[in-house]
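Beneath this line is the structure, given in structure tokens, with notes to follow.
The values are calculated or read from the model by the stated rules, or taken from the named source; none is laboratory data. Since we're looking at a predicted model, the values are computed, not measured. Virtual Cβ from ideal backbone geometry, glycine too; neighbours counted across all protein chains shown.
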Amino acid sequence: MARKIPFHRRVLPWLFTIIFLVFAPILVFYTAGYRWNPKKGMVEKNGTLILDSTPRGADIYLNGQTIDDKTPATLQNVAPGTYDIRLSKSGYHDWKKTLNIIQERVTFANEIILWPDENPTLALEEEAYDLFTNPDFDYVFGFRRANGDSYVFRIEKDALVEEKRVARQIDAERITWDRGGEKAIITGYTSNTAGQWLLSAEPLNLTELPEASYHFERSELVGMDETYRVNLNANGALSKQLHNEQIIDSYDDLVIKQLDAQDNLVLLMEPNAEQGLILPSGAWRFYTSENGEIILDDGDAWLRIDTRTNPFTTTRARADEIHALEIDRESYYLLELSNELYLWPPLLEPELLHRQSSPIINAGWHQDGLSIFYATDKQVTMMNLDNRDGRLQTKLAEFDQIKDVIAFEDTLYISAVKENKAGIWTLPLVKSSNLSPLSAVDGIISF
């Protein structure tokens, strides 16, 4: 008589088969990144969030809850949705942003800079104003007052290495550098009189220029008045040559002409060209020409012409000052206009970045090209240009009164008054930047 198979031995294989058929697909979907979303009441594939910061090792908070990982971190299988993300590290300002995680997509926030939370340091206890730096960030220049006299100075390697007494106080309105960053045209005022000066970086020298419209053709200073073309030769001597009375300005082979039958100015690609680009109404002059782009200015009006497109692409802007940054051989301009900041990218119209009720004292690029800084009369702020969830602004420092601010290497130099102390203050943008107080130099030369 055959033995009867026990019930559990007959049932278990079927039970295991059912369990396998139920859970195997779940396991496959789980490893593929699918999760149950209780908010939506459905199964959907998750996304990935990649976070990184400078410096690294920041704590990560998602929707207010800390997680075990620190930056850099790749968070996989994050349920789709909106997340309030915060990075926090001792000694630094927090970074905050709300980002959307999308299924089967990677969301990046991997170029985050955490700004040090430090107090400014008084580096030079003298009244200073009109700070500026050359494009290669080799030097800091500026004007300062001491004992009733005015000086132009140069800071290098965290020390005031050279300065010269100037006969009259110069209030700079615009600084235009040559390609090598060794010379600059300073446009500004002495008392109420407009003027232009040529600044030489090393050795430090300041020369008043005769009245004309000036620009650099690479490293050569060129000026145009109604009658003459003015050049500065290698020995530092100015020479004048008569020019065609129809020529308003020139830059290499480029020419701006006033034609008899044309009210508007005409831009010619070469002096004897028979055809040209009719410019909008205005007293346009050359500002620069680089990599196929021509920048013209007429006071606070700016015209950008890209000759690499057919037909040429022209965009216009208004700005009191412009700050250029070259990224992959393309120029991006930060524009200041009273109480507004704009970003002017290639081929596009300017985009408003920030508007406030009070005037902006100065603004500039951080060297990473992802952030800018600006100052009001009492506060210095960094702004990240990532416009997802709005551009994050971080207040770095407050002062009694700010006169100017610039970025030099990994430090902000701020001409300001704080706690009744006037001078140049430094504020590091990385923890490793520790500047010593600046010392005055001996043997000041008058000119």
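Key figures for this structure:
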read-out: Residue that is surrounded by the most Cβ atoms within 10 Å (Cβ to Cβ), among those in region 388-413 that are at pLDDT below 95 and in contact with a Pro (Cβ under 7 Å, 6 or more places away or on another chain); value: 411
read-out: Complete set of residues in region 54-83 that are within 32 Å of the chain's Cα centre (by Cα) and outside any strand (DSSP E or B); value: 55, 56, 57, 58, 63, 64, 71, 72
read-out: Candidate set from region 414-436 (those that are charged (D, E, K, R) and modelled with pLDDT of 90 or more); member that is nearest to residue 93 (Cα to Cα); value: 418
read-out: The listed residue being in the same structural domain as residue 405 (by TED's automatic domain parsing) and either exposed (fewer than 15 other Cβ atoms within 10 Å of the Cβ) or over 17 Å from residue 187 (Cβ atoms) (or both), out of 304, 285, 229; value: 304
read-out: Sole exception among (1) in contact with a Gly (Cβ under 8 Å, 6 or more places away or on another chain); (2) at pLDDT 90 or above for residue 199, by number; value: (1)
read-out: Residue in region 153-170 that is nearest to residue 286 (Cα to Cα), counting only those that are touching a strand residue (DSSP E or B) at 6+ places or on another chain (Cβ under 7 Å) and exposed (fewer than 14 other Cβ atoms within 10 Å of the Cβ); value: 168
read-out: Test: residue in region 240-256 that is within 30 Å of residue 161 (Cα to Cα), outside the structural domain of residue 298 (by TED's automatic domain parsing) and over 31 Å from the mean Cα position of the chain (by Cα); value: no
read-out: Given (1) assigned to a strand (DSSP E or B); (2) out of contact with any Pro (no Cβ under 9 Å at 6 or more places or on another chain), index of the condition residue 162 fails; value: (2)
read-out: Matching option when the condition is over 19 Å from residue 406 (Cβ atoms), without any contact (Cβ under 8 Å) to a residue 60 or more places away in the chain and either part of a strand (DSSP E or B) or not assigned by TED's automatic domain parsing to the domain that holds residue 303 (or both), among 363, 317; value: 317
read-out: Condition check for residue 122: in contact with a Leu (Cβ under 9 Å, 6 or more places away or on another chain) and either over 26 Å from residue 331 (Cβ atoms) or part of a loop (DSSP other than H, G, I, E, B) (or both); value: no
read-out: Residue that is among the aromatic types (Phe, Trp, Tyr), within 30 Å of residue 389 (Cβ to Cβ) and at pLDDT 90 or above, where the choices are 95, 36; value: 95
read-out: Residue in region 414-431 that is surrounded by the most Cβ atoms within 10 Å (Cβ to Cβ), counting only those that are part of a loop (DSSP other than H, G, I, E, B) and not charged (D, E, K, R); value: 429
